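The values are calculated or read from the model by the stated rules, or taken from the named source; none is laboratory data. The structure displayed is predicted, hence computed values, not measured ones. Using ideal geometry, Cβ is built from the backbone for each residue, glycine included, and neighbour counts are taken over all protein chains shown. Ligands, DNA and RNA are stripped out before the accessible areas are found, and what is left, the full protein with its side chains, is counted by its heavy atoms. Shrake-Rupley method; radii C 1.70, N 1.55, O 1.52, S 1.80 Å.
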Amino acid sequence: MKIPEIEIPIIPIPLEKKVTLFIKREDLIHPEISGNKFWKLFYNINHYLEKNPENPFIITFGGAFSNHIAAVAALGKESGIPTLAIIRGQELHTRWKENPTLITAADNGMRFRFVTREEYGDKIQLTENLKIEFPNALIIPEGGTNENAVKGIQHLLNPETKSFDYLCTAVGTGGTVAGLSRFAAQHQKVLGFKVVIDHSLETTVAELSGKNNFDLFDAQDGGYGKITDENIRFINDFYHDFGIKTDPIYTGKMMRKLFELIEKDYFPEQCRILAFHTGGLQGIEGANDMLRKKNRGWIQFGK
Ligand SMILES: Cc1ncc(COP(=O)(O)O)c(C=O)c1O
């Protein structure tokens with residue numbers, strides 16, 4: 001993977017409050033390998049290809065709507081590397097063609113193995129078996145989070161981001177917030193917005209980061225992958241007010257919780273807050289399909 005030449009814009013979000021909020025549009029870095037996924041994969045892929053130039057093969061894990069699965073499939077297509085995804089939920093074996101994320105991933109050449117939730121839960125065993133079956137493959141963990149991913153996140157930061165007091169990101173597996181924490185300037189505080197129920201995240205992030213300059217907030221809003229009516233309303237209003245699309249699983253939940261904190265005067269006056277738009281917009285189509293089936297309101301800018 002090459003470092004893209006695109007300059008990522010940092011856009012103001014005007015508020016009637018005495019704090020300044022900007023959003024860094026990492027979602028624009030690549031049409032399919034979007035946001036943090038690009039940088040979490042960057043060193044993983046490049047280090048692997050340096051050592052295994054012949055017959056590369058990538059295996060990874062994820063749920064049916066996973067942004068990480070979508071990104072790895074697109075990367076495989078772009079770089080001509082075959083990809084295999086271990087997907088949570090054996091029932092999808094016969095139903096995956098109803099899922100826009102998996103349809104696009106398959107169009108990008110990805111193959112799937114559908115496993116039961118129990119099998120998926122034991123990733124250590126799954127990984128051991130895959131290593132025996134595919135000894136030369138690059139096996140990337142769920143969400144792409146590992147040391148190479150944390151290292152890649154440094155590319156979200158640049159001289160311009162140093163002018164902010166707070167750096168904010170949505171948190172799933174913790175690699176992104178750990179990278180921001182590790183590479184933040186000394187005066188900066190990193191805020192992570194957890195969209196999953198995982199009580200080990202604080203420890204995971206501290207271990208990956210090696211620093212304690214971060215705080216994690218609960219932004220799960222009904223649970224991972226759950227989409228509340230308030231969440232949909234916020235995403236539609238945010239788009240209407242600021243012209244920026246957010247997704248219902250990560251960035252929409254982060255922005256909603258961040259707005260709540262700003263509203264409650266959590267932040268000192270005059271401080272400068274930067275939120276990272278980590279992508280995930282590919283998931284909107286699948287979310288809208290599900291919302292329509294349930295006769296619920298949907299995200300207005302999705303398909
Ligand atoms: C759009 C989006 N934002 C945030 C995250 C959270 O990143 P992490 O798993 O590194 O915590 C993800 C997951 O990769 C994501 O897809």
Using alpha-carbon coordinates, inclination of helix 229-242 to the longest axis of the chain, degrees: 70
Leu167, Leu15, ranked by accessible area, largest first (probe 1.4 Å): Leu15, Leu167
Distance from the stretch 186-241 to the stretch 16-58 (C-alpha centre basis), Å: 19
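Based on the alpha-carbon set only, what is the convex hull volume of the chain divided per residue, in Å³?
Taking only Cα atoms, the chain has a hull volume of 133 Å³ per residue.
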Estimated FRET transfer efficiency when R0 is 30 angstrom, pair Leu28-Thr127 (beta carbons, to 0.05): 0.35
Euclidean distance between Cα centres, the stretch 65-113 to the stretch 267-290, Å: 23
Three-way shape label, the stretch 71-136, alpha-carbon gyration tensor, a/c 1.5: oblate
Label-to-label distance, nm, for residues given as Glu202 and Asp265 (7 Å Cα→Cβ offset): 2.7
Added length on full extension, which subtracts the Cα-Cα distance from 0.36 nm per residue, Asn55 to Asp289: 80.5 nm
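Can you list the GluC sites (Glu not before Pro) in the stretch 8-80 that are in a DSSP coil and have 10 or fewer other beta carbons within 10 angstrom?
Counting only loop positions with at most 10 other Cβ atoms within 10 Å, the GluC sites (Glu not before Pro) in the stretch 8-80 are Glu16, Glu54.
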Label point distance in nm, Asn136-Arg95, each placed 7 Å from Cα along Cα→Cβ: 3.8
